[in-house]
Amino acid sequence: MADNLTHKILKEHLVDGELKVGTEIGIRIDQTLTQDATGTMAYLQFEALGLDRVKTQISVSYVDHNMLQAGFENADDHRYLQSVAANYGVFFSKPGNGICHQVHLERFGKPGLTLLGSDSHTPTNGALAMIAMGAGGLDVAVAMGGGAFYLPCPRVVGVHLTGKLQPWVSGKDVILEVLRILTVKGGVGNVIEYHGEGVKSLTLTQRSTITNMGAELGATCSIFPSDENTKEYLVAQGREKDWKPLSADPGATYDKVIEIDLNKLEPLIAQPHSPDNVVPVRQVAGTKVQQVCIGSCTNSSLYDLEITAAILDGKQVFPELDLTVTPGSKQVYTMVATSGALAKVIQSGARILESACGPCIGMGQAPSSGAKSVRSFNRNFEGRSGTKDSYVYLASPETCAATALKGVITDPRDLGPQPKLDLPPKFYIDDRGVLAPAKNGDRPEILRGPNIKALPLRTAITDKIGGKALLKLGDNITTDHIMPAGAKVLPLRSNIPAISEFVFFQVDKDFAKRAKEAGTFTIIGGENYGQGSSREHAALAPMYLGMQFVIAKSFARIHKTNLVNFGILPMTFVNSADYDKIKQEDVLEITDVRKALKAGNRLTVKNATQGYTFEAQFDLSPRQTDILLAGGQLNYTKAAAK
Ligand code: MIC
Ligand code: SF4
């Protein structure tokens with residue numbers, strides 16, 4: 001049978017279940033990555049599993065998110081991560097070495113392997129023909145310990161590319177077009193596999209922009225074949241031996257196919273406040289802008305920085321506008337410094353940041369009140385920039401640089417001919433920013449600062465659960481709404497009691513207080529509840545405050561798994577009219593939960609305030625049911641290991 005690329009790799013890694021869409025499969029994980037904002041929890045959980053050493057081919061711990069050291073917290077967490085990595089056989093990428101996805105692409109990703117990362121943009125490495133997926137820290141901890149990763153067997157959507165990108169049109173415009181077509185929930189349950197003649201014309205880093213931002217579709221992951229361009233990139237990285245050709249079999253089929261003619265694409269831009277709110281740049285050209293930011297794991301490759309420099313060369317950033325530029329890794333930083341590109345960017349009046357997530361996660365550079373900010377990033381959710389009333393647009397580095405010069409949103413095609421860039425065939429390689437783990441048997445001391453608090457655990461689910469529906473929410477609620485990030489909150493990621501004070505802070509600043517008064521509570525959500533990041537804190541912190549269950553119209557994949565992992569029951573409405581009927585503050589109760597979980601996929605919810613009952617359903621595998629019954633994945637895994 002002719003297999004598509006996704007099935008080829010999944011088949012090679014399948015350890016449980018069969019490739020039947022929607023049923024649960026377990027796959028072997030070859031590589032893992034963590035970043036610091038989710039990593040502390042992941043390694044605390046790995047420690048709790050009581051294993052000796054990681055069992056993957058390679059596991060890397062990156063520090064790139066919590067980089068501002070305004071107090072001891074982030075620095076303490078970095079020390080913990082470094083020492084715990086050394087102990088358990090994990091490589092440690094030091095702060096300053098770069099953004100996890102960019103560095104992983106440069107130095108570690110390999111065609112045909114699986115990668116699981118505690119960050120939703122882990123699919124970036126799908127550009128190297130990997131099945132690379134985001135997950136909660138606990139799932140990554142289990143995978144580090146050699147356990148399978150479980151997921152609903154995805155549908156495979158083929159994006160058939162023809163033609164060739166025209167001047168000034170970039171990889172970012174391809175993924176913005178896919179987002180325009182599929183929307184932020186269109187990828188849920190799907191792998192997006194790119195194929196067709198058009199693939200050949202896309203460089204590896206253009207592909208990585210596309211696979212990176214596939215996360216915004218809610219997709220399980222995105223993948224490109226491994227071809228001559230993949231080889232060229234790996235040769236430039238001194239990693240030719242990691243290359244092998246890999247693509248779908250001739251005649252392979254897909255569950256659905258989307259056609260994109262690259263010839264016809266033009267520069268696109270996502271308007272506030274959603275990555276799928278996409279229009280042609282020319283439609284909003286002329287809009288006054290106060291800030292432009294170029295960088296993030298989506299667009300901070302050598303090409304992105306070199307084209308930025310070429311556009312800015314000899315010109316000045318618009319006087320009333322701030323431009324920030326972030327090289328994605330130490331490799332990119334060094335190369336733009338030696339090529340002279342960095343000097344051009346500095347001379348233009350840009351502010352140069354260290355290689356890290358920075359403004360993308362609100363770690364500094366929050367825009368001024370009411371400002372419009374155009375960014376080469378991947379998310380523009382309300383408030384994520386750190387300024388609640390800012391308006392963030394997402395576009396290519398080319399569009400960003402043009403906008404920075406003009407002070408208004410500008411189609412880069414208005415700048416004249418596109419500069420021609422010749423990137424060197426060999427990149428600068430220096431892996432000293434990645435510390436190797438201690439030898440097997442060595443046990444360096446694990447350094448735990450006062451910021452690191454014990455991990456709260458839930459006990460086995462009881463027969464009666466419920467509480468006030470403290471919030472009734474609409475569609476596409478993000479994990480940034482549930483558990484905000486930013487410079488103030490991120491340093492508390494290792495301290496659940498402290499971070500829980502900020503749960504739903506963006507929606508209701510008194511939420512934590514109301515939750516504590518209620519004791520136990522529930523949440524009502526719309527479609528695609530929990531989209532966005534992989535942060536398990538969006539499940540863990542509400543659990544700590546007493547959340548019992550969520551009833552939504554539908555869930556985003558990673559968040560749903562995180563809820564189960566922390567013993568919170570995710571349910572959907574059987575009749576959508578029941579969503580309309582519930583009012584915020586109604587008390588909802590379920591009895592005989594354990595029996596209902598074992599018996600089927602439905603249960604009856606009592607609305608004690610309004611005095612009626614309604615049906616809710618849960619879509620859980622038998623394994624997930626056992627996890628819930630045990631009170632979460634950690635209890636379940638420990639019990640299974642006994
Ligand atoms: C994000 O882009 O939202 C983050 C910050 O990288 C998150 C991870 C986190 O919250 O730590 C993600 O994408 O998973
Ligand atoms: Fe970092 Fe932003 Fe990428 Fe998340 S999306 S990993 S915050 S650069």
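The values are calculated or read from the model by the stated rules, or taken from the named source; none is laboratory data. None of the values given here were measured: they were computed from a predicted structure. We place every Cβ from the backbone using ideal geometry, glycine too, and count neighbours over all the protein chains shown. The protein model used for the area step is the full one, side chains on, heavy atoms only, and it has no ligands, DNA or RNA in it. Shrake-Rupley method; radii C 1.70, N 1.55, O 1.52, S 1.80 Å.
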Taking a straight Cα-to-Cα line shorter than 12 Å from residue 256, and setting aside same-chain aspartates and glutamates fewer than 8 residues away, one finds 193
Between the alpha-carbon centers of region 504-534 and region 557-599, tell me the distance in whole angstrom.
14
Ranked packing of 500-509, 75-84, most packed first, by mean Cβ within 10 Å
75-84, 500-509
So what is the relative contact order of the chain, in percent, for Cα pairs below 8 Å that sit 6 or more residues apart?
14
Carbon/sulfur accessible area of the chain, % of total, 1.4 Å probe, equals 50
Please give the net charge around residue 490, taking every other residue with its beta carbon less than 11 angstrom from that of residue 490, where Lys and Arg add +1 and Asp and Glu add -1.
0
Which value, in debye to the nearest 20, gives the size of the charge dipole of region 61-201 about its Cα centre, when Lys and Arg are +1 and Asp and Glu are -1 at the Cβ?
360
Taking just the alpha carbons, could you work out the radius of gyration and Dmax for region 582-631, both in angstroms?
12.3, 35
Which of 388/509; 185/468; 185/560; 288/372; 110/241; 185/372 have a Cα-Cα distance over 18 Å?
185/468; 185/372
Region 127-170 and region 230-273 have their Cα centres apart by a whole-number Å value of 12
Which translational diffusion coefficient, to the nearest whole µm²/s, is obtained for region 203-292 from the Stokes-Einstein equation, given a Kirkwood hydrodynamic radius over C-alpha pairs, 10 °C and 1.306 mPa s?
97
Give the Cα extents of region 540-627 along the principal axes, in whole Å, largest first.
33, 29, 22
Past the 21 angstrom mark, what percentage of all C-alpha to C-alpha distances in region 122-222 do you count?
34
Using only the heavy atoms of the protein chains and a 1.4 Å probe, how would 446, 568 rank by accessible area, largest first?
446, 568
Positive-end residue, the chain charge dipole about Cα centroid, Cβ charges, pick of 539, 378, 267:
539
Whole-angstrom Cα spans of region 325-372 along principal axes, big to small
37, 21, 12
Relative to the compact-globule estimate 2.2 N^0.38 Å (N residues), the Cα gyration radius of the chain stands at a ratio of 0.92
Can you tell me the alpha carbon radius of gyration of region 90-131 divided by the globular rule-of-thumb value 2.2 N^0.38 Å?
1.10
Return the aspartates and glutamates within reach of residue 595: Cα separation strictly under 20 angstrom, same-chain partners fewer than 8 residues apart disregarded; answer none if there are no such residues.
463, 615, 619, 626
Which semi-axes, in whole Å and largest first, does the equivalent ellipsoid of region 420-564 have when worked out from the alpha carbon gyration tensor as the square roots of 5 times its eigenvalues?
35, 23, 15
Cα centroid distance between region 329-393 and region 460-479, in Å?
36
If one compares the long axis through the Cα atoms of helix 72-88 with the longest principal axis of the Cα atoms of the chain, the angle in degrees, nearest 10, works out at 80
Residue-ordered couplings for region 178-190, obtained by feeding phi - 60° into the Karplus form 6.51 cos²θ - 1.76 cosθ + 1.60 and rounding to whole Hz (Gly and Pro as x), are 4, 5, 4, 6, 9, 6, 5, 10, x, x, 4, x, 10
Above 20 Å lies some portion of the pair distances; for region 286-372, what is it as a whole percent of all C-alpha pairs?
31
Net charge near residue 589 (other residues with Cβ under 9 Å of its Cβ; Lys, Arg +1; Asp, Glu -1) is +2
Mind checking the per residue accessible area of region 548-636 for me, 1.4 Å probe, whole number of Å²?
39
Inverting the mean 1/r over all pairs of different Cα atoms, compute the Kirkwood radius of region 410-499 and quote it in Å.
21.0
Note, ³J(HN,Hα) from phi for region 246-263, Karplus 6.51, -1.76, 1.60, rounded to Hz, x at Gly and Pro:
7, 7, 5, 5, x, x, 4, 10, 10, 5, 7, 10, 10, 9, 10, 9, 4, 4
